[in-house]
Amino acid sequence: MSNTQSAFSGVVEELWRYPVKSMQGEQLNQTEVTERGLLGDPAYALRDKSDGKIATAKNPRKWPNLFDYSAVLLGGPAVGEELPAARITCPDGTTLATDHAQTSRMLSAALKRDVTLEAIERSESSRASNKETSEEYWLDMEGLEYRDTVTDFNLPEGTFFDTAVVHILTKATLDRLHELYLSREAASLRLLQLGHLVA
C-alpha cells in the first residue's frame, strides 16, 4: 500500500438500491456492482415532457413529492441482460408496473405534470449519446454558490445519476443527521408552544 492510500475497514449494515430516480428504494441482501454502480440503480427515471429534463427531488418546488413514491425491481438484474421491470408504489398505495402501457399517463395525473417513464440504456454504445440534463433548486442561504434559484446540471453520460454512482454513509454521519433532525423538531415544537402561550 502506498503512503497516499489508507486502509478502510468496516461492516456494511444496509445496502439499498433505488430503481426509479428520486423515489424511495429497496433494501438488498446482495447485488452486483459495476463501473456504473449497483445494477438497476437507477434503472428508470421520469422525463418532464415540457422541457425534456430528468425529474429529480433536488428541485422540490417542481417535484414536491417524488420521495412519497417507492420502487422495487421485479426480479434480480444480471450483467449483460435486460433490466427487469419495476413496481412503483404511489402515496395512496396504488401500484404501477414500469412495463405497463398506461404507467406514464397515470404518473402524469398523480404528479400533475406531463411525464414519460424511461428506462436507462445499458449498452456500451449508449454512453456518448445518453447525456441527460436535470435541475437543482438552491436555497436562499449565505455561502452557497447560488441563492434562491434553479440551475441545470448534466448527469454523467449513460446514467440517471446526479453525481456519484455509489454513496457510502457512515453510521456516525447518520447519527449526526438524526441529532440535527431531532434538534430542529424540538425547536419547532418550542416555537409552536410559545405561539400558543402568546395567543
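What follows is calculated from the coordinates using simple rules that are stated; it is not laboratory data. These numbers were taken from a predicted model, which means no experiment stands behind them. Note that we place each Cβ from the backbone using ideal geometry, even for glycine, and neighbour counts take in every protein chain shown.
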Principal axis dimensions, largest first and in whole angstrom, of segment 15-168 by Cα | 45, 34, 30
Set the Förster distance to 35 Å, then compute FRET efficiency between Asp99 and Thr151 from the Cβ-Cβ distance, nearest 0.05.
-> 0.55
Fully extended contour minus Cα-Cα distance, from Leu74 to Asp92, at 0.36 nm per residue | 4.4 nm
Segment 23-76: proportion of alpha-carbon pairs further apart than 19 angstrom, % = 39 percent
The ³J(HN,Hα) series, computed from each phi in segment 10-27 with the Karplus coefficients 6.51, -1.76 and 1.60 at θ = phi - 60°, rounded to the nearest Hz and given as x for glycine or proline, is x, 10, 7, 8, 9, 10, 10, 10, 10, x, 10, 3, 6, 9, 4, x, 10, 7
Protection proxy (average C-beta count within 10 Å per residue), highest first, orders 91-98, 132-139, 79-86 as 132-139, 79-86, 91-98
Three principal axis extents, largest first, for the C-alpha atoms of segment 1-101, in Å?
-> 51, 31, 25
Evaluate the charge dipole of segment 1-100 about its Cα centre and quote only its size in Debye, nearest 20, assuming +1 on the Cβ of each Lys and Arg and -1 on the Cβ of each Asp and Glu.
-> 500 debye
Would you pull out the residues with amide H under 5 Å of Val115's amide H, same chain only if 5 or more places away, H placed 1.01 Å from N?
-> Lys49, Ser108
Over segment 21-129, what is the mean sequence separation of C-alpha contacts under 8 Å (at least six apart), divided by residue count, expressed as relative contact order in percent?
-> 27 percent
Taking the DSSP beta bridges in the chain as the whole, what percent of them are antiparallel, to the nearest 5?
-> 90 percent
Based on alpha-carbon positions alone, could you give the equivalent ellipsoid semi-axes of segment 93-182 from the gyration tensor, as √(5λ), descending, whole Å?
-> 29, 21, 18
